[in-house]
Amino acid sequence: MLQLLLLVVCAGILVSGLLAVCLNNLMAAMVSSGLAGLFASVSFLLLAAPDVAMAEAAIGSGLTTFIFIYAVRHAGRGEHEP
């Protein structure tokens, strides 16, 4: 049962990673990338590594996604200000 659940979580990592690469909307791609990190965190938890899972959830999917979204919102759309 654990192997089946781990297989489903790994499939979620692959699907959300592919979505992050293929999506045209930048915000949706970043959220999908964060979702891949969250699935990775769940897989570490299923593999009995709770310390690594906590680090991945906090840094890999939480902080990194927040920094990317913050940077995109404040970057502008390429117009030059005088």
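The values are calculated or read from the model by the stated rules, or taken from the named source; none is laboratory data. Being a predicted model, the structure only gives us computed values, none of them experimental. Reconstructed Cβ throughout: ideal geometry from the backbone, glycine too, with neighbour counts over all protein chains shown. With ligands, DNA and RNA removed, areas are computed over all heavy atoms of the protein, side chains included. Shrake-Rupley method; radii C 1.70, N 1.55, O 1.52, S 1.80 Å.
Things to note:
- Matching option when the condition is open to solvent by 90 Å² or more (accessible area, probe 1.4 Å), without any contact (Cβ under 8 Å) to a residue 40 or more places away in the chain and either out of contact with any Asp or Glu (no Cβ under 6 Å at 6 or more places or on another chain) or under 18 Å from residue 63 (Cβ atoms) (or both), among 2, 45, 35: 45
- Being open to solvent by 80 Å² or more (accessible area, probe 1.4 Å) and modelled with pLDDT of 95 or more holds for only one residue in 7, 63, 26, and it is 7.
- Test: residue in the stretch 36-51 that is of a type in the set (Val, Ile, Thr) and within 14 Å of the chain's Cα centre (by Cα): yes
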